[in-house]
Amino acid sequence: MNEDLERLIALHDIDQLLREIENPQYRDLGFEVKEQRKADLNKARQEIVESLPESIYRKYERLRAKYGRGIAPVVGGICMNCFIQMPTAVVGMGQKNQQLETCSNCGIFIYWV
């Protein structure tokens with residue numbers, strides 16, 4: 001798998017965890033525990049951001065602002081962001097996840113499951 005693609009998936013996972021920590025169901029964690037987890041996640045996020053090329057990170061953030069996520073899986077040939085069937089030529093490619101790709105419809109970064 002492409003290293004930048006792996007980093008984007010990890011970045012997305014961290015962003016999801018940070019969003020979940022803000023969910024009211026986590027109020028029982030206690031302020032100190034919650035703040036420590038947020039600090040740990042933010043530190044891990046910063047490390048990933050620093051390892052990504054700036055242009056990729058900027059595009060990820062633009063997509064995240066627009067769609068609430070910067071990367072989406074493709075399952076059964078369907079982009080899980082816009083739910084459009086990927087073109088047959090793209091689905092039939094042999095080297096999936098070996099380079100950064102975007103959905104031809106919505107433009108989000110994609111990875112194949």
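Figures for the structure shown
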quantity	calculated
Residue that is out of contact with any Leu (no Cβ under 8 Å at 6 or more places or on another chain), of a type in the set (Lys, Arg), surrounded by 12 or more Cβ atoms within 10 Å (Cβ to Cβ) and free of Cβ contacts under 8 Å to residues at least 60 places away in the same chain, where the choices are 38, 34, 43	34
Helices (runs of 4 or more DSSP H) lying entirely in region 1-82 (those with 3 or more residues that are closer than 22 Å to residue 103 by Cβ and in contact with a strand residue (DSSP E or B) (Cβ under 8 Å, 6 or more places away or on another chain))	3-21, 54-67
Odd one out for residue 33 among (1) of a type outside the set (D, E, K, R); (2) more than 14 Å from residue 8 (Cβ to Cβ); (3) touching a Lys or Arg at 6+ places or on another chain (Cβ under 8 Å)	(3)
Residues being assigned to a loop (DSSP other than H, G, I, E, B) and touching a residue at least 24 places away in the same chain (Cβ under 8 Å) - total across region 87-113	10
Residue 92 vs. criteria among the small types (Gly, Ala, Ser), out of contact with any Lys or Arg (no Cβ under 7 Å at 6 or more places or on another chain) and loosely packed, with under 14 Cβ neighbours inside 10 Å	yes
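Every number in this text was worked out from the coordinates using simple rules, so none of it is lab data. Note that the structure is predicted; figures quoted are calculated from it, not measured. Cβ: placed from backbone, ideal geometry, glycine included. Neighbour counts: every protein chain shown.
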